[in-house]
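Data block below; observations after.
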Amino acid sequence: MKKRPNDSIRIGVLFSETGVTSVIEKSERLGTLLAVDEINETGGINGHALELVSYDPQSSPAKYALLAQKLLLEDHVQVILGCYMSSQRKAVIPVVERWNGLLMYPTLYEGFEFSRNVICTGAAPNQNSVQLADFMLRTYGSRGFMVGSDYIYPYESNRIMSDLVFERGGEKVAEIYLPLDASKDNYEVVVQKIKQTSPDFIFSTIVGDGTALLHRAFANAGLDPRKMPIASLSTCEAEIQQMGAELAEGHITSAPYFQSVDTEANRRCLENFRKRFGDASVTNMCWEAAYFQTHLLANAMRRVGSDNVADLLTVLPGSEFSAPQGDIKIDEHNHHTYLRPRIGRANAAGQFDILCESESWVHPDPYLVSHTLQDWSAPLTTLVPTARP
Ligand code: ACM
């Protein structure tokens, strides 16, 4: 990177402004924008401002692939920050591998993947599914009803959750998939089935606009989240703001970050965020990963004095950051991130009461190679209660 003094460094941003997952993706974009503002206000990358080249992939995996190629080949960016659904990430991976770009992906996902050209900063299954299974089975009972959107993350995430439930002698009551654009009526049919089968909890891998439809159908059917909550890895403050707090209250989410996390870094970050984007802005797990991964990237660029992917990959793995959730680190070997599992219950204010949290960061194990349910009691993964379930 031979830059003249006033040259900026361009990075690509692919988060959807429209389409079925645009609510959460807009929030990932805002996390990115906040970090870029902070980076540029403090001297950029050794004096060069970061400049974003952004497109709207409209929640479509095919558009993601086309726009990733455009960013790398026409806009000449080296690094792309983006993707929410695993189908979007899967569409972008061959493109970054073919043209040697780097994708930084800030969303929880199903794991079982490695690419030299991808850094994952959202939770892997050993950092959210394991904790959720343990919490739900201990707190509510062992009969789980699974409902998900019809694409790769829900299928794979349900496979993992099924294993975790079966390992504990639990039972899968049903496993149902709905199209991403399923209607209110489709959700009502699913909720009738929930009512008939009376599970102990529902494991939802519904994403995007369907999340609100599931919660509305649940409430309309008179079901009680205190007795039979919806448990999720993805339903967060953004979807709660979309559906209204009353529909979400009492339901459970497993994530490394909630807006309510009580750390100095989170307080500082929320203050900066509100100054720029207004008091109504809410944060969430994907927003936070989008925020801290941008800072990790900037720190790596400063260290190597380059946006060259090969150079960045010499320093990004192993790098650490004091994130709103607590200190985090990118694993040296598997390109996933050490994170801090938490279990939250949605409250009447549209926020999460944090019921328990890990005592320290948890090593990412995307292939669940070393995991057993007994890991739970190992010092690295112990969740400590912070409130009564
Ligand atoms: C997801 O599709 N990784 C939420």
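Derivation of every value follows stated rules applied to the coordinates shown; laboratory data play no part. Just so it is clear, the model here is predicted, and its values are computed rather than measured. Backbone-built Cβ (ideal geometry, glycine too); neighbour counts: all protein chains shown.
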Notebook entry, point to check: For region 87-110, which residues satisfy the criterion of being more than 23 Å from R10 (Cα to Cα) and buried (at least 24 other Cβ atoms within 10 Å of the Cβ)?
Noted result: L108, Y109
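Taking the conditions exactly as written (buried (at least 16 other Cβ atoms within 10 Å of the Cβ), away from the ligand (no atom under 16 Å from the Cβ) and in a loop (DSSP other than H, G, I, E, B)), does Q259 satisfy them or not? Working first, answer last.
On the way: buried (at least 16 other Cβ atoms within 10 Å of the Cβ): yes; away from the ligand (no atom under 16 Å from the Cβ): yes; in a loop (DSSP other than H, G, I, E, B): yes.
Taking the combined requirement at face value, the residue satisfies it.
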Notebook entry, point to check: Among the residues of region 117-142, which ones are in contact (Cβ under 8 Å) with a residue 60 or more places away in the chain, polar (S, T, N, Q) and in contact with a Gly (Cβ under 8 Å, 6 or more places away or on another chain)?
Noted result: N117, N126
Check: Which ones in region 78-126 are of a type in the set (S, T, Y) and within 11 Å of the ligand (Cβ to nearest atom)?
Finding: Y84, S86, S87, Y105, T107, Y109
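Of these, A300, A346, A323, which one is over 18 Å from the mean Cα position of the chain (by Cα) and aliphatic (A, V, I, L, M)? I'd like the intermediate steps shown before the answer.
On the way: A346 fails: over 18 Å from the mean Cα position of the chain (by Cα); A323 fails: over 18 Å from the mean Cα position of the chain (by Cα).
A300 is the lone residue from the list that is over 18 Å from the mean Cα position of the chain (by Cα) and aliphatic (A, V, I, L, M).
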Check: If E74 satisfies every condition in (1) more than 16 Å from the ligand (Cβ to nearest atom); (2) touching a residue at least 40 places away in the same chain (Cβ under 8 Å) but one, which is the exception?
Finding: (2)
Notebook entry, point to check: Which of the residues that make up region 20-48 are surrounded by fewer than 20 Cβ atoms within 10 Å (Cβ to Cβ), outside any helix (DSSP H, G or I) and not small (G, A, S)?
Noted result: T42, N46
Margin query: Out of the residues in region 223-256 meeting the condition of being within 16 Å of the ligand (Cβ to nearest atom) and in a loop (DSSP other than H, G, I, E, B), tell me which one is nearest to the chain's Cα centre (by Cα).
Written below: S234
Next item on the list: Look at V92 and say whether it is over 20 Å from the mean Cα position of the chain (by Cα) and either assigned to a loop (DSSP other than H, G, I, E, B) or under 30 Å from L132 (Cα atoms) (or both).
Entry: no
